[in-house]
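Take a look at the structure set out below.
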Amino acid sequence: MLFDPNTHDFGHLDAESRRLLRATVDWFEERGKRRLIADDQAKVWYTEFLDFVAREKLFATFCTPAAEADGNRDKRWDAARNAALSEVLGFYGLQYWYAWQVTVLGLGPIWMSDNAVARKKAAELLDQGSVFAFGLSEKEHGADVYSTDMVLTPTATGFTASGGKYYIGNGNVAGMVSVFGRRADVEGPDGYVFFAVDSQHEKFTLVKNVVDSQMFVSEFHLDDYPVSPDDVLHTGPDAFSAALNTVNVGKFNLCTASIGIDEHAFYEAITHAHNRILYGKRVTDFPHVRQNFVDAYARLVAMKLFADRSVDYFRSASPEDRRYLLFNPITKMKVTSEGERVVDLLWDVIAAKGFEKDTYFSMAARDIRALPKLEGTVHVNLALVLKFMPNYLFQPTAYADVPTRHDQADDGFFWHQGPARGLGRVTFQDWETAYREHAHVPNVARFHEQARALRTLLTTAAPDAEQQQDLDFLLNLGHLFTLVVYGQLVLEQARITDLDADVLDQVFDVLVRDFSAYAVALHGKASSTEAQQRWAVEQVRKPVVDQARFERVWSKVAALSGAYEMRP
């Protein structure tokens, strides 16, 4: 299940994608672990990595839609291979992934635009090796686009733009920066504008790097920057939709970065612990240590299953099938939060080793925290998830099965998602189908009981009017609902990949415990009613215990000791 640079051949992808991914792995492995860590500690700007990207046309191949590829079939926007690249870059370091991630975000408003001049320019810059940036956040307002202080003033030839942006990755070198602002002469949503600027322009002032890192997360100011019609990407409500729809595309990469970081950290942790003797015993002979490793492994497997299945829904999306809009925030907040939990479980075992400066783990422990917090914070995404809950739980709709999508198609729908509204009207297939198909797995059956009980809560003790204004209460409800959706896609991917039944049972052993924990938390909320408290107590379940199954899963974990170590 874990990515191993020594053996993984990316066999589910086409030849050129495999070549580029292998070249990326080889570039990192040839530099070696000491150089990787030393560059991180010295906060070296990764010029050599960007030179590699330019030389191999890596970002150009992976980030250019077919419509802008001038007939080059290898250039397309393919979410399956993008996910693979995101995982690889996360595996070697968040900083390298970040250069890719913010390029994806910066390109979003451009590829969504009707501005052919801007699209052509972006494709040419990509081919030359440029990276891109996404100018949305501001120092005082964060990602609150309603309150933007980037103001465009009309002129005889277009606009001049003045204002600042903050937390803008690649802002020091980006060939194009997609910037969100508002017109000075138009009030409300009709005044929104997305426009492109050049980070090297004299009216573009680079203030500083706001983080202490290899990454350049910039603050910049525009001072009467001239904006011509060829620079305007979107206006009015379309500009607002472009911002949200870009996040739908780009922020998915947060989950695969978390997976890559966890995988590398897992190899280091199990190899260290399994070969260390304390008090005359191998560290991994202690029961609590094995439990931590098995739980971490189960959580990591679930992360991978959910993320892989989400890609299929993303690639199969259409105006008639917008289910991806639920799975997207779950990848952003649930998978990334699980990434933190995996590292914490491993860290509790390796303890002080996790601080040592010559380990990848010390980087992982720092960087894994960032991913749930990059613009789309957990509570924002949980609030979004709740919008889908009534239709998901109570109004199943017939859909054709979504196949595994490893084909070489161009995912053109990403650039034509339409207005960012109507989430409450999105429908879903019967979520219980996946659970019924796996009823023979003991802990799937037990979790299914808990999941069905969520409908009972909402029909017999639903949040009252006051609780519906209590975000603290609703977010806990969102966690319970998220687990149900998470389990559905985990089960679908488990069927597709013929996942070992022991591992699947262990995954749902974890989910049963998680559901119980959130039920206890709901019981303790200040606003919970007596009926809700009774429901919560009834949902506290113990997983089906099977020591033989646990030991079989542990043997898979133990086999990872020494399986991979980055070249020195």
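The values are calculated or read from the model by the stated rules, or taken from the named source; none is laboratory data. Note that the coordinates shown come from a computational prediction; the quantities given were computed from them, not determined experimentally. Neighbour counts are summed over all protein chains in view; Cβ atoms, including those assigned to glycine, are modelled from backbone coordinates with ideal geometry. Side chains included, ligands, DNA and RNA excluded: accessible areas come from the protein's heavy atoms. Shrake-Rupley method; radii C 1.70, N 1.55, O 1.52, S 1.80 Å.
Put simply, the amide H of GLY135, placed in the peptide plane, has neighbours under 5 Å in SER178, VAL179, PHE180, leaving out anything fewer than 5 places away on its chain. Nearest 10 degrees, 0 to 90: what angle lies between the long axis of helix 33-42 and the longest principal axis of the chain (Cα atoms)? Computed tilt is about 60 degrees. Measure off, as a whole percent, the carbon and sulfur share of the 1.4 Å-probe accessible area of segment 406-529, all protein chains present. Carbon and sulfur atoms account for 51 percent of the accessible area of segment 406-529. Stokes-Einstein, applied to the Kirkwood radius of the chain over Cα pairs at a viscosity of 0.692 mPa s and 37 °C, places its translational diffusion at 133 µm² s⁻¹. Taking a straight Cα-Cα cut-off under 18 Å and skipping sequence neighbours fewer than 8 places away in the same chain, the lysines within cross-link reach of LYS556 are LYS304. Counting only protein heavy atoms and a probe of 1.4 Å, the accessible surface of segment 297-355 is 51% carbon and sulfur. Apolar share of the accessible surface for segment 20-117: 47 percent from carbon plus sulfur atoms, 1.4 Å probe. Can you check what the net charge comes to around PHE388, using other residues whose Cβ is under 12 Å from the Cβ of PHE388 (Lys, Arg +1; Asp, Glu -1)? Taking every Cβ under 12 Å from that of PHE388, the sum is +4. The Cα center of segment 453-508 and the Cα center of segment 144-164 differ in position by 43 Å. If the viscosity is 0.692 mPa s and the temperature 37 °C, what Stokes-Einstein diffusion coefficient in µm²/s follows for segment 261-397 when Rh is the Kirkwood radius over Cα pairs? The Stokes-Einstein estimate is 196 µm²/s. Between the alpha-carbon centres of segment 371-395 and segment 80-127 there is a gap of 25 Å. Residue ranges 60-73, 28-41 sort as 60-73, 28-41 when ordered by packing (mean number of other C-beta atoms within 10 Å per residue, highest first). Accessible area per residue for the chain is 39 Å², calculated with a 1.4 Å probe on protein heavy atoms, without ligands, DNA or RNA. With only the Cα atoms considered, segment 81-193 has a convex hull volume of 130 Å³ per residue.
Relative contact order of segment 459-556: 31 percent, from C-alpha pairs under 8 Å at least 6 residues apart in sequence.
Assign one of three labels to segment 121-279, namely rounded, prolate or oblate, based on the Cα gyration tensor with a ≥ b ≥ c the square roots of its eigenvalues; rounded applies when a/c is under 1.5, prolate when it is not and a/b is larger than b/c, and oblate otherwise. Taking the square roots of the gyration eigenvalues as a ≥ b ≥ c, segment 121-279 is prolate. Magnitude of the charge dipole for the chain, about its Cα centre and with charges confined to Cβ atoms of Lys, Arg (+1) and Asp, Glu (-1), is about 1080 debye. Distance distribution note for segment 469-568: the fraction of Cα pairs above 22 angstrom is 48%. Report the one residue of VAL553, VAL342, THR7 whose Cα lies farthest in the direction of the positive end of the charge dipole of the chain (charges on C-beta: Lys and Arg +1, Asp and Glu -1; origin at the Cα centre). Result: VAL553, furthest along the dipole toward the positive end. Other residues lying with their Cβ under 15 Å from the Cβ of LYS75 contribute a combined charge of -4, Lys and Arg counting +1, Asp and Glu -1.
Only aspartates and glutamates eight or more places from LYS208 in sequence, or on another chain, were considered; those with a Cα closer than 15 Å are GLU138, GLU219. The charge dipole of segment 433-568, taken about its Cα centre with unit charges on the Cβ of Lys, Arg, Asp and Glu (plus for the first two, minus for the last two), comes to roughly 200 debye. Toward the positive end of the charge dipole of the chain, with +1 on the Cβ of Lys and Arg and -1 on the Cβ of Asp and Glu, the farthest Cα among VAL294, TYR46, VAL179 is that of VAL294.
Computed from backbone phi, the HN-Hα couplings of segment 141-147 come to 10, x, 9, 6, 5, 5, 10 Hz, rounded to whole numbers (Karplus: 6.51 cos²θ - 1.76 cosθ + 1.60, θ = phi - 60°; Gly and Pro given as x). Each Cα pair under 8 Å and six or more residues apart adds its sequence gap; the mean of these over the residue count of the chain is a relative contact order of 15 percent.
Rounded to the nearest 20, the size of the Cβ-charge dipole of segment 120-171 about its Cα centre is 140 debye, with Lys and Arg at +1 and Asp and Glu at -1. Phi angles across segment 123-136 convert, under the Karplus curve 6.51 cos²θ - 1.76 cosθ + 1.60 with θ = phi - 60°, into 3J(HN,Hα) values of 4, 5, 5, 4, 5, 7, x, 5, 10, 10, 9, 10, x, 10 Hz, Gly and Pro given as x. Stretched out straight at 0.36 nm per residue, the stretch from VAL545 to ARG73 would grow longer than its current Cα-Cα span by 164.8 nm. Under the classification rounded if a/c is under 1.5, otherwise prolate if a/b is larger than b/c and oblate if not, where does segment 362-465 fall, given a ≥ b ≥ c as square roots of the Cα gyration tensor eigenvalues? Rounded.
Report the local net charge at SER17: Lys and Arg +1, Asp and Glu -1, summed over other residues whose C-beta lies under 10 Å from its C-beta. Value of the local net charge: +1. Think of segment 30-131 as having a plus end and a minus end, set by charges on the Cβ of Lys, Arg, Asp and Glu; of TYR92, PHE59, LEU105, TYR92 sits farthest toward the positive end of this dipole.
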